[in-house]
1. Would you mind telling me which numbered condition in (1) in contact with a helix residue (DSSP H, G or I) (Cβ under 7 Å, 6 or more places away or on another chain); (2) of a type in the set (Gly, Ala, Ser); (3) not in a helix (DSSP H, G or I) B:Ala223 fails?
2. Kindly establish whether B:Asn259 is surrounded by fewer than 24 Cβ atoms within 10 Å (Cβ to Cβ) and at pLDDT below 90.
3. Restricting to region A:64-104, and then to whatever is at the interface with chain B (Cβ under 9 Å from one of its Cβ atoms) and touching a residue at least 60 places away in the same chain (Cβ under 8 Å), can you tell me which residue is nearest to the chain's Cα centre (by Cα)?
4. Of everything in region A:116-140 that's surrounded by 19 or more Cβ atoms within 10 Å (Cβ to Cβ) and within 14 Å of another protein chain (Cβ to nearest Cβ), which residue is farthest from the chain's Cα centre (by Cα)?
5. Output yes when any residue across region A:22-40 is within 13 Å of another protein chain (Cβ to nearest Cβ) and in contact with a Lys or Arg (Cβ under 9 Å, 6 or more places away or on another chain), and no when none is.
6. Considering only residues that are small (Gly, Ala, Ser), part of a helix (DSSP H, G or I) and without any contact (Cβ under 8 Å) to a residue 12 or more places away in the chain, which ones fall in region B:160-178?
7. Would a scan of region A:452-469 turn up a residue that is under 25 Å from A:Pro323 (Cα atoms), assigned to a helix (DSSP H, G or I) and touching a residue at least 60 places away in the same chain (Cβ under 8 Å)?
8. On the given criteria, is B:Arg266 surrounded by fewer than 17 Cβ atoms within 10 Å (Cβ to Cβ), more than 15 Å from the chain's Cα centre (by Cα), within 14 Å of chain A (Cβ to nearest Cβ) and not hydroxyl-bearing (Ser, Thr, Tyr)?
Amino acid sequence: MSIPLLSLQGLTKVYPGVVANSDVSFDIGEGEVHALLGENGAGKSTLVKAIYGLIRPNEGQMLWRGEVYAPSAPAQARATGVAMVFQHFSLFDAMDVAENVALGMDNPPPIRELSAKITEVSNNYGLPLDPHRMVGDLSAGERQRVEIIRCLLQNPQLLIMDEPTSVLTPQEVDILFRTLRQLRSEGKSILYISHKLEEIRALCENSTVLRLGKVVGRADPRKESARSLAELMVGQVLHTPSREAGTPGKMLLKVTDLSVASPSAFGTSLKGVNLSVRAGEVLGIGGVAGNGQDELLGALSGEIRADSEAVQMDSNPVGQFGPTARRAMGLLCAPEERLGHAAAPDMSLTENALLTGAYREKLVTNGFVSWSKAKTFAESVIKRFDVRTPGPHVAARALSGGNLQKFVIGREIMQRPSVLVVNQPTWGVDASAAAQIRQAILDLAQAGAAVVVISQDLDELLEVADNFAALNGGRLSAPRPVQGLTMDQIGLMLGGAEGETHAAA
Amino acid sequence: MDFGSINPVILIASLMVAATPILLAAIGELVVEKAGVLNLGVEGMMITGAVAGFAVAVTTQNPYLGMLAAIVAGALVSMLFAVLTQILMANQVASGLALTLFGLGFSALLGQSYVGIVPPRTPKLDFGPLTDLPVVGPILFNHDILVYVSIALVAAVWYWLNYSRGGRVLRAVGENHDSAHALGYKVTRVRILSIAFGGACAGLGGAYLSLVRVPQWTEGMTAGAGWIALALVVFASWRPWRALAGAYLFGGIMVLQLNLQAAGFRIPVEYLAMSPYIITILVLVIMSSNRARRSMAAPGSLGRSFHAAG
């Protein structure tokens, strides 16, 4: 067997109180696309940081083409031939594309030469990019191109990609994969980190699965099913959320020609949104982040006021009502941002339970808080939704993302809403907790509530929703039944190609 | 009222002198803020420079040694702020205010024995016959060296920030320190060096006050010049040449205020004294109302502490 490009041997990294990586070993061959799989907190990021020289492992060693490789800084890793595309882009909004690229290089040529080179390389790889545009004005897909071009200009042997597709539309994913395959055919190796298993099966020929910092499996993803890979990742048999088909009941939520301006400077205003959800129905709303998701949730929750008739609940106009009045009527919402929007980070779970449950759970009498009732309510959410925490006195900030998400979703569901609106209910949540949350949403619909799920995870929407609609630039496409919907059609809807039909209707 | 007594040529020449200390302090603070650090201690660093420069100049009878001492003193006290905010991760606003209060008190203590002394004169540069040119001569060719140094410094900072690798890294650190760290740049080191530069500039600006503009030492003599410099950075929307224009505008207002008083113009001086701040508030309002103008926006990481994770 030939010498691998990069060989990891027994890497261990210990942080105070946490073992992030424990005795991790695997090889990446020349021209190989290698997948690194694992739940949140499995130690993937720590591992790639070690390869990229951002941290130094406590034990173990790495070999680059058979020679000891111990980068002490990213510059050294780059000099060896390792390049990395970060999950959270390491870009600078107020600087142009060329400057951003130059910052990621160790010996950048003068900006003028570099601009020409960026245009050339970006066209060669099918990722057109204008070097003079401000990065702050680019879409997520274009920003990622900046990152990739920045890497490619250094002619790397190993390209590390950390969750590259989480912000892309399906069409953008296709373009990216074409580029990655072109790189492979040029003999470059790619370390691909993702938890989207279908992507990994389409792209990678080898995979290493991490769980709690340890290697728990190696597999050829092309020979495994997505389900078997997921179970390897989670370490238990996955329960697929399901429910019995029911007949939709009466119309509970109706939104007619809803247009509201975004309260934030960089937000997207809603333009003529129409939607309706019946009892027992789940409407899935997809779309790339920043297309009006936050504004739609705000307009439904009452944080953004609209025309009185624009939002109707059970045939009552509620557009002018604030969140508390809508809660009282049974319209509950769980926003995307867990810390700071859905929950107050420094307040305890009891206090957070009180914040939204005060009225419906009667936790306040004559203006005075009944702490014992609030505590009981928080405890019941913790118990039913399996929130792992020492108790309701713990600050929301101290919970892991998945556990806090279970708490904030559970807190709304426990109040028996007749309409529930959730935004990104399983964002950053591991697979087993995500399955649990989805099941709870389905159970709620089964029990006769109308549910709106806003999400960027298309697989999630296809799993829970009856109907699917896409947000694009603040417009909502006409909803279509999920049954029989193909990824291509969804891609077109996300791209706004079908947005106009509904606006005219 | 007698506007005839105000000579526009002398007015312009003297506004350049009046503007130089705030321009020096502002250009230093501009670099600091471009690196993402908000140092509200400009006033404190200026007055420390003023007293240190004064003391050394009087002792050595050499104004240039005094200015050098002011640079060193300004940079040294700024290191107090650097240690607090960059190493101990203290809040930048509180630390900056503390630095101002410390500087005012400390300088008063050091300067006790220098009150009422006349410092050695800082000579004006000799441009020969150029100085005798009408209008242009008094405005452009009849100043001491620091007036020219301050303009050269603006040019140098502008060029360095926009066209050098170091300047690009500094802007990157100020724009998004997490990204800069991920790319392997030393965020803390860049910021400490910027703070030292800002301190040196503020110190020199202070020395200009005590050695040239006033020239003598009195307690609290900066009288808000540091705050004007801070306002100026915002007014200039973090651009060096606009800082120069703003400094001359603010300097002009200060000089005009004195001239109007002398001319018996009946407008309370307080209105003119307020005007730099009012203009700055207006600029802030315009900046926040006009969202599309990214070019006016503050550095993305301004005032945020950087904790290296992992």
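1. The single condition B:Ala223 does not satisfy is (1).
2. Details: surrounded by fewer than 24 Cβ atoms within 10 Å (Cβ to Cβ): yes; at pLDDT below 90: yes.
Yes; evaluated as a whole, the condition is true for this residue.
3. Checked region A:64-104; the qualifying residue nearest to the chain's Cα centre (by Cα) is A:Phe86.
4. So, considering only residues that are surrounded by 19 or more Cβ atoms within 10 Å (Cβ to Cβ) and within 14 Å of another protein chain (Cβ to nearest Cβ), the one farthest from the chain's Cα centre (by Cα) is A:Val135.
5. No, region A:22-40 contains no residue that is within 13 Å of another protein chain (Cβ to nearest Cβ) and in contact with a Lys or Arg (Cβ under 9 Å, 6 or more places away or on another chain).
6. So the first thing to find is which residues in region B:160-178 are small (Gly, Ala, Ser), and the list is B:164, B:166-167, B:172, B:174.
Now drop any that are not part of a helix (DSSP H, G or I), which leaves B:166-167, B:172, B:174.
Those that are small (Gly, Ala, Ser), part of a helix (DSSP H, G or I) and without any contact (Cβ under 8 Å) to a residue 12 or more places away in the chain: B:Gly166, B:Gly167.
7. No: zero hits.
8. Numbers: surrounded by fewer than 17 Cβ atoms within 10 Å (Cβ to Cβ): yes; more than 15 Å from the chain's Cα centre (by Cα): yes; within 14 Å of chain A (Cβ to nearest Cβ): no; not hydroxyl-bearing (Ser, Thr, Tyr): yes.
When the stated conditions are applied, B:Arg266 does not pass them.
The values are calculated or read from the model by the stated rules, or taken from the named source; none is laboratory data. Because the structure is predicted, anything quoted here is derived from the model rather than measured. Positions of Cβ are backbone-derived with ideal geometry, glycine not excepted, and every protein chain shown enters the neighbour counts.
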